[in-house]
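The values are calculated or read from the model by the stated rules, or taken from the named source; none is laboratory data. What you are looking at is a predicted structure, and each value in this text was computed from that prediction instead of being measured. Positions of Cβ are generated from backbone atoms using ideal geometry, with glycine treated the same way; all protein chains shown enter the neighbour counts.
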Amino acid sequence: MPEGYVKVVLKSGKDQSLKRFHPWVFSGAIKKIYGQVSEGDLVEVFSNKDEFLGIGHYQIGSIAIRIVSFVKAEPDYNFWKTKIQKAWDYRKSLGFDKKSDTNVFRLIHAEGDGLPGLIVDFYNGTAVLQMHSVGMHLIREDLVKALQEVLGDKLKAVYDKSEKTLPFKAEIQPKDALLFGTPESNEVLEYGLKFKVDWETGQKTGFFIDQRENRLLVQHYSQNRDVLNMFGYTGGFSVYAMQGGARLVHSVDASAKAIDLTNENVALNFPEDERHEAFTADAFEFLKDIQNKYDIIILDPPAFAKHRSNLPQALQGYKRINTRAFEQIRSGGILFTFSCSQVVSKERFREAVFSAAAIAGRTVRVMHQLTQPADHPVNIYHPEGEYLKGLVLYVE
Ligand code: SAH
């Protein structure tokens, strides 16, 4: 065992989830920490019976330790590089190294790739890092070097966008910054469609890559239909609906900047196409009166619940907004409805949507049940990783 790792012992019975390879240790599970530990340090975790359980990054907060290995290991440069290599090999097996029509994908999906606290999105040569743990922040130079070695020529630049996602109380001063190279272009291709990505000031890493396959499904059903894309952000769903031959597409977002981005992306693909119009408006206000105007409605709101404590309000929010959509969508219409709140389970989301349909008194069939795409894999021992839930519903 390498010297220097602080030992953390868990309370009796609190070792069960780690023995099932769940990578989080909650602060309440810790019995004793032997030694001085700073945020971001690697610590070794043991059961109350002194069995080794794993090694992980320590942090002050409800999730106190994020396990990076369940077997004895020394997390040095090669350790991280191997994990990044495996993440890339997996994306290669999905074909992302060869696609000519898509150059945007998630390269590292935190726990889903055995790298808790780290998100890396790949935008046509630029890797955008979003770190959620101090441990990842402290090893960022190793991560950048490993990305360069693993991706080779494919990688032109690395941008760190973690200022807002790292714990703000930690004694670090993260700044969003370019860590390597120069981005060649901020225009990406997804299924042959073009999008401008603003990773510096945009939400998350700049683009919601996780909706790629669901956008394609919207395209599939859009022919000759009138489409409302609610919570549109960069207008992803709108561009696909237009590609699919929609008769009319309306995009709505509360943010004027999002609406500018939407207009820009629509114009990139369909210059001077009068089928599209964008509105800066609050969703709940806009949905008050859309009586019978749309055949397809897409509801992709921000996470209504960020913590377990506001789960009831979040479920109310989903119910309210879906009720409005069910009440007004045209007969024979299709509702695409999503939740990206990690704390809202698939079952609770379904219940909220189904009770909305009942309140509206519509006859509804489930056409598709959607989730995140394969480049956002779920670690089977960490079910929380399955965060995106969607239902496609045919409304009679
Ligand atoms: N559908 C998008 C992602 C949506 S993110 C995509 O595929 O890329 C959620 C969006 O909802 C953000 O752009 C945010 O500005 C917007 N938003 C948040 N609250 C809103 C509200 N009350 N009314 C309308 N838009 C809202």
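Return a yes/no flag: does segment 307-317 have any residue that is more than 23 Å from GLN291 (Cβ to Cβ) and touching a helix residue (DSSP H, G or I) at 6+ places or on another chain (Cβ under 7 Å).
So in segment 307-317, the residues more than 23 Å from GLN291 (Cβ to Cβ) come out as 307-316.
Next, from what is left, pick out any that are touching a helix residue (DSSP H, G or I) at 6+ places or on another chain (Cβ under 7 Å): 315.
Yes, some residue in segment 307-317 is more than 23 Å from GLN291 (Cβ to Cβ) and touching a helix residue (DSSP H, G or I) at 6+ places or on another chain (Cβ under 7 Å).
Selection of first residues in segment 116-137 that are acidic (Asp, Glu) and of second residues that are assigned to a helix (DSSP H, G or I), restricted to Cβ pairs under 7 Å at least 6 apart or on distinct chains, gives the following pairs, ordered by first then second residue: ASP121/ILE209. All of (1) of a type in the set (Asp, Glu); (2) under 26 Å from ILE119 (Cβ atoms); (3) away from the ligand (no atom under 14 Å from the Cβ); (4) over 20 Å from the mean Cα position of the chain (by Cα) hold for ASP289 with one exception: (2).
Could you tell me whether segment 355-368 includes any residue that is farther than 13 Å from GLU396 by Cα, in the same structural domain as ASN224 (by TED's automatic domain parsing) and either within 13 Å of the ligand (Cβ to nearest atom) or aromatic (Phe, Trp, Tyr) (or both)? No: segment 355-368 contains no residue that is farther than 13 Å from GLU396 by Cα, in the same structural domain as ASN224 (by TED's automatic domain parsing) and either within 13 Å of the ligand (Cβ to nearest atom) or aromatic (Phe, Trp, Tyr) (or both).
Mind telling me which of the residues ALA241, ALA278, ALA246 ends up being in a strand (DSSP E or B) and either surrounded by 16 or more Cβ atoms within 10 Å (Cβ to Cβ) or touching an Asp or Glu at 6+ places or on another chain (Cβ under 8 Å) (or both)? Residue meeting the stated conditions: ALA278. For beta carbons closer than 6 Å, sequence separation of 6+ or different chains, a first residue in segment 324-346 that is more than 18 Å from ASN214 (Cα to Cα) and a second that is among the small types (Gly, Ala, Ser) and outside any helix (DSSP H, G or I), the qualifying pairs are VAL343/ALA305; VAL344/ALA305.
Of the residues making up segment 1-60, those that are among the small types (Gly, Ala, Ser), within 31 Å of the chain's Cα centre (by Cα) and within 20 Å of GLU74 (Cα to Cα) are SER38, GLY40, GLY54, GLY56.
Condition check: more than 22 Å from the chain's Cα centre (by Cα) and either part of a strand (DSSP E or B) or more than 13 Å from the ligand (Cβ to nearest atom) (or both). Does GLU163 satisfy that? Give the derivation first.
Details: more than 22 Å from the chain's Cα centre (by Cα): no; either part of a strand (DSSP E or B) or more than 13 Å from the ligand (Cβ to nearest atom) (or both): yes.
The answer is no for GLU163.
Condition check ((1) closer than 29 Å to GLN291 by Cα; (2) out of contact with any strand residue (DSSP E or B) (no Cβ under 6 Å at 6 or more places or on another chain)) across all residues:
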| position | (1), (2) |
| --- | --- |
| LYS156 | no, no |
| ASP160 | no, no |
| VAL197 | no, no |
| GLY206 | no, yes |
| LEU217 | yes, yes |
| GLY235 | yes, no |
| SER251 | yes, no |
| LYS257 | yes, yes |
| VAL266 | yes, no |
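Picking from residues in segment 304-319 that are surrounded by 14 or more Cβ atoms within 10 Å (Cβ to Cβ) and touching a residue at least 24 places away in the same chain (Cβ under 8 Å), the one that is nearest to GLN342 (Cα to Cα) is ALA305. The set of residues in segment 151-179 that are farther than 21 Å from SER133 by Cβ and in contact (Cβ under 8 Å) with a residue 24 or more places away in the chain comprises LEU151, LYS154, LEU155, LYS156, ALA157. Hey, can you tell me all the residues within segment 42-90 that are more than 21 Å from LEU147 (Cα to Cα) and out of contact with any strand residue (DSSP E or B) (no Cβ under 9 Å at 6 or more places or on another chain)? Selection gives LYS49, GLU51, ILE60, GLY61.
Within segment 233-253, residues that are assigned by TED's automatic domain parsing to the domain that holds VAL218 and within 9 Å of the ligand (Cβ to nearest atom) reach partners that are in a helix (DSSP H, G or I) and aromatic (Phe, Trp, Tyr) with beta carbons closer than 7 Å, at six or more positions or on different chains, in the pairs VAL252/PHE286. Cβ-Cβ contacts under 6 Å between residues 6 or more apart (or on different chains), taken from a first residue in segment 273-302 that is more than 19 Å from ASN263 (Cα to Cα) to a second residue that is of a type in the set (Lys, Arg) and within 16 Å of the ligand (Cβ to nearest atom), are listed as LEU287/ARG324.
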